[in-house]
1. Out of the residues in region B:81-92 that are more than 10 Å from every other protein chain (Cβ to nearest Cβ), over 21 Å from A:Val52 (Cα atoms) and touching a residue at least 12 places away in the same chain (Cβ under 8 Å), state the one that is surrounded by the fewest Cβ atoms within 10 Å (Cβ to Cβ).
2. Do you know which of the residues in region B:42-57 that are part of a helix (DSSP H, G or I), out of contact with any Phe, Trp or Tyr (no Cβ under 6 Å at 6 or more places or on another chain) and within 9 Å of B:Leu141 (Cβ to Cβ) is nearest to the other protein chains (Cβ to nearest Cβ)?
3. Do we have B:Gly23 as in a helix (DSSP H, G or I) and buried (at least 17 other Cβ atoms within 10 Å of the Cβ) here?
4. Got a sec? Which of B:Leu157, B:Leu166, B:Leu178 is away from chain A (no Cβ under 14 Å), touching a Gly at 6+ places or on another chain (Cβ under 8 Å) and in a helix (DSSP H, G or I)?
5. B:Ile67: touching a residue at least 60 places away in the same chain (Cβ under 8 Å), surrounded by fewer than 18 Cβ atoms within 10 Å (Cβ to Cβ) and β-branched (Val, Ile, Thr), yes or no?
6. Looking at region B:137-165, I want the residues that are under 19 Å from B:Arg54 (Cβ atoms) and have a partner that is in a helix (DSSP H, G or I) and of a type in the set (Asp, Glu) with Cβ atoms under 7 Å, at least 6 apart or on another chain. Which pairs are those?
7. Test B:Ile199 against the stated conditions and say whether it is touching a Phe, Trp or Tyr at 6+ places or on another chain (Cβ under 8 Å), crowded, with 19+ Cβ neighbours inside 10 Å, in a helix (DSSP H, G or I) and at pLDDT 95 or above.
8. Counting only residues that are facing chain B (nearest Cβ under 7 Å) and more than 19 Å from B:Phe202 (Cβ to Cβ), which one in region A:66-87 is surrounded by the fewest Cβ atoms within 10 Å (Cβ to Cβ)?
Amino acid sequence: MKRAHVPIKVVLRTGAALLALWVASFALSYVPLGGAAIPVALAIALLKAVLVALFFMELLHESLSIKLTIVSAGVLTMTLIAFMVADIMTRAPPPLLVAPAARDAPPE
Amino acid sequence: MTELMPADHFESFEQQSHAARLGMWVFLASEILLFGAVIALFVGYQVHFPDAFREAVHHNTKVLGSINTGVLLTSSTAVACSVHALRIGRIRLAALLVSATMVLGLLFLAIKFHEYGRHFDEGIYPGGVGNFFAEHHARGLTEFWTLYFGMTGLHALHVTVGLTVLGTLLIGIVRGTLTPALSYRLEIGAIYWHLVDVIWIFLWPLFYLA
């Protein structure tokens with residue numbers, strides 16, 4: 001079966017959307033968002049990446065085998081990062097801030 | 001003139017194209033794991049030293065890094081259009097768009113190396129080497145700048161590989177060996193270029209914005 005392609009109009013609209021999100025990210029970096037700054041910036045980045053994958057890389061029209069290959073890589077990588085961050089954030093005190101002498105001392 | 005045929009072990013160009021694309025996507029999955037691991041390292045240090053990382057981001061060349069993001073996004077749009085142009089037989093337009101993509105890629109590298117030069121002038125080198133670190137002692141600055149040079153350098157290497165791939169494909173288009181029937185080859189090169197774009201989409205907020 002012949003694979004469908006993303007129409008050129010959609011490609012151009014995707015390009016325009018990406019540039020709009022680029023400007024939005026840059027403008028938002030001047031808004032004091034506090035702790036939300038990184039999650040907001042990364043959420044916009046994720047949206048841009050999804051647009052590129054679906055419409056530029058034409059993942060939208062790819063076979064299930066290709067979709068599974070790339071989606072599982074993305075999900076597993078995000079799981080790795082989430083567990084790693086959760087571990088570091090919930091350790092008290094954080095491992096890198098413990099003095100080496102105290103860290104290496106044998107347990108009492 | 002001999003008829004263009006798919007390789008012996010494929011029944012059709014469609015099947016050959018799918019196999020080639022699947023191979024590229026598996027490679028991209030491995031690239032995601034590579035960059036995922038270094039981004040995890042970045043996030044780990046960021047969680048430990050949020051103040052030092054914030055200070056370093058504010059010190060970074062935000063405008064140049066942001067211009068570079070626009071350059072890469074535009075180049076991705078251009079290469080996506082070039083695939084479409086080749087598919088419909090607009091050979092010269094396809095060659096022009098691939099050339100434009102390469103010019104934008106070279107511009108990206110030029111801006112990136114200019115940024116590195118500015119950091120070196122300030123005494124910022126990988127591994128906490130340089131005058132900057134003698135004057136700024138906050139724990140975490142060394143980690144930030146080392147990761148900055150390491151991760152953006154790794155990305156610049158990918159841009160260079162992408163330029164080489166696109167250059168090879170451009171030669172094929174100009175010589176007439178890369179025809180609309182074989183447009184999947186350009187598609188595969190374009191998919192790699194888009195990955196380079198996607199990686200930068202995540203590096204930009206981490207090193208320049210947040």
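The values are calculated or read from the model by the stated rules, or taken from the named source; none is laboratory data. Since this is a predicted model, take the numbers as computed values, not measurements. Methodologically, a virtual Cβ is constructed for each residue, glycine included, from the backbone with ideal geometry; neighbour enumeration extends over all protein chains shown.
1. Here is the first cut: in region B:81-92, the residues more than 10 Å from every other protein chain (Cβ to nearest Cβ) are B:82, B:86, B:89-92.
Narrowing further to those that are over 21 Å from A:Val52 (Cα atoms): B:89-92.
If we keep only those that are touching a residue at least 12 places away in the same chain (Cβ under 8 Å) too, we end up with B:89, B:91.
Details: B:Gly89: 12, B:Ile91: 16.
Of everything passing the filter in region B:81-92, B:Gly89 is surrounded by the fewest Cβ atoms within 10 Å (Cβ to Cβ).
2. Just the residues of region B:42-57 that are part of a helix (DSSP H, G or I), to begin with: B:42-48, B:50-57.
Within this subset, residues satisfying the condition of being out of contact with any Phe, Trp or Tyr (no Cβ under 6 Å at 6 or more places or on another chain) are B:42-45, B:47-48, B:50-52, B:54-55, B:57.
Still in the list and also within 9 Å of B:Leu141 (Cβ to Cβ): B:52, B:55.
Working: B:Ala52: 12, B:Glu55: 14 Å.
Looking at the filtered set, the residue picked out is B:Ala52.
3. Details: in a helix (DSSP H, G or I): yes; buried (at least 17 other Cβ atoms within 10 Å of the Cβ): no.
It is false that B:Gly23 is in a helix (DSSP H, G or I) and buried (at least 17 other Cβ atoms within 10 Å of the Cβ).
4. Working: B:Leu157 fails: touching a Gly at 6+ places or on another chain (Cβ under 8 Å); B:Leu178 fails: in a helix (DSSP H, G or I).
Result of the check over B:Leu157, B:Leu166, B:Leu178: B:Leu166.
5. Numbers: touching a residue at least 60 places away in the same chain (Cβ under 8 Å): no; surrounded by fewer than 18 Cβ atoms within 10 Å (Cβ to Cβ): yes; β-branched (Val, Ile, Thr): yes.
Taking the combined requirement at face value, the residue does not satisfy it.
6. B:Ala138/B:Asp51; B:Ala138/B:Glu55
7. On the way: touching a Phe, Trp or Tyr at 6+ places or on another chain (Cβ under 8 Å): yes; crowded, with 19+ Cβ neighbours inside 10 Å: yes; in a helix (DSSP H, G or I): yes; at pLDDT 95 or above: yes.
So B:Ile199 fits the description; yes.
8. Going residue by residue through region A:66-87, those that are facing chain B (nearest Cβ under 7 Å) are A:66, A:69-70, A:73-74, A:77, A:80-81, A:84-85.
Add one more test, that the residue is more than 19 Å from B:Phe202 (Cβ to Cβ), and what stays is A:66, A:69.
Details: A:Ile66: 21, A:Thr69: 17.
Looking at the filtered set, the residue picked out is A:Thr69.
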